[in-house]
1. Out of all the residues in the stretch 252-274, is one or more modelled with pLDDT of 95 or more, crowded, with 23+ Cβ neighbours inside 10 Å, in a helix (DSSP H, G or I) and at negative phi?
2. Please identify the pairs in which a residue from the stretch 12-27 that is over 20 Å from residue 218 (Cα atoms) has its Cβ atom under 7 Å from the Cβ atom of a residue that is modelled with pLDDT of 90 or more and surrounded by fewer than 17 Cβ atoms within 10 Å (Cβ to Cβ), counting only partners at least 6 apart or on another chain.
3. Condition first: closer than 15 Å to residue 232 by Cα, in contact with a helix residue (DSSP H, G or I) (Cβ under 8 Å, 6 or more places away or on another chain) and modelled with pLDDT under 85. Now tell me which residues in the stretch 1-18 satisfy that.
4. Could you look through the stretch 185-201, keep only residues that are assigned to a loop (DSSP other than H, G, I, E, B) and under 20 Å from residue 45 (Cα atoms), and pick out the one that is farthest from the chain's Cα centre (by Cα)?
5. Could you pull out the residue among 279, 294, 229 that is touching a residue at least 24 places away in the same chain (Cβ under 8 Å), assigned by TED's automatic domain parsing to the domain that holds residue 59 and either in contact with a strand residue (DSSP E or B) (Cβ under 6 Å, 6 or more places away or on another chain) or surrounded by 18 or more Cβ atoms within 10 Å (Cβ to Cβ) (or both)?
6. Of everything in the stretch 62-86 that's surrounded by 20 or more Cβ atoms within 10 Å (Cβ to Cβ) and touching a strand residue (DSSP E or B) at 6+ places or on another chain (Cβ under 7 Å), which residue is farthest from residue 193 (Cα to Cα)?
7. When you go through (1) within 15 Å of the chain's Cα centre (by Cα); (2) part of a loop (DSSP other than H, G, I, E, B) one by one for residue 122, which number turns out not to apply?
């Protein structure tokens, strides 16, 4: 995107230069991931938006779509520590957070407790099939995601930033699972649908992943740089009318609000809360900065509306009987607001 002097004037020169640099880094990031991941351009963009907006993401997709490879590749590209947690019904909170074990101190044969960190102590944590774990274990992840800390045996340990949780769910196998409660779903900035590749992409997968090993990914950013760009994203200006738009679209998802359309009242049980407004604005800021723009636009908010709102709009039986999903409801709402 070409720099716009009028918009750039609202930012300090250092921030303008930093946004230009971030746009170049983002293009290099996509090129690096292209060495390991074929297709999934929209998924990659939404992951990057989440990362620089300091949010967490929930990936929904059937097995075999390279979700784990994608997340580990992101960690390599940004030179960040990465841990994968495979959620199972017997997984306990201590398996995630870590626990105290008895160690000999070496002084008079005395023994004392020493805290051994769990896999949640990483910059990027992949919570694979998070809905397979019981509520007690899910709550341990909830505290880490919301508070950036964990509590073990009454002691609190801080998770060093940047900290990014990416969880996956399998939408076709629900037997023996523990559905995430709405309160925990609300902690995820984006719900990202990972779909099947196109015909040409699948042909490339068949050709390129069954041959010689691929080249290693280059490191583009370290943790300190990621933190600096996360702060930069929050300084991206947003026009006043976009704050109003974000509030309006979220309030329209609530069936008990007077401004919500009748079809929303008929198909929605519960709408999105105030956190959705925050994530719409942060997502728009992040998308704008990644694309080299100096101000968030309506296009940016519309682009992030579906992944922000889809898991926060709870449909009722009437919607299900009509085949109306949360995603379709959000898409219709965006279209109506655009045409109004």
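The values are calculated or read from the model by the stated rules, or taken from the named source; none is laboratory data. Predicted, not measured: the structure shown is a model, and the values here were computed from it. Here Cβ is always computed from backbone atoms with ideal geometry, including for glycine, and neighbour counts include all displayed protein chains.
1. no
2. 15/235
3. Across the stretch 1-18, the qualifying residues are 8, 11.
4. 198
5. 229
6. It comes out as 80.
7. In the conditions (1) within 15 Å of the chain's Cα centre (by Cα); (2) part of a loop (DSSP other than H, G, I, E, B), residue 122 misses (1) alone.
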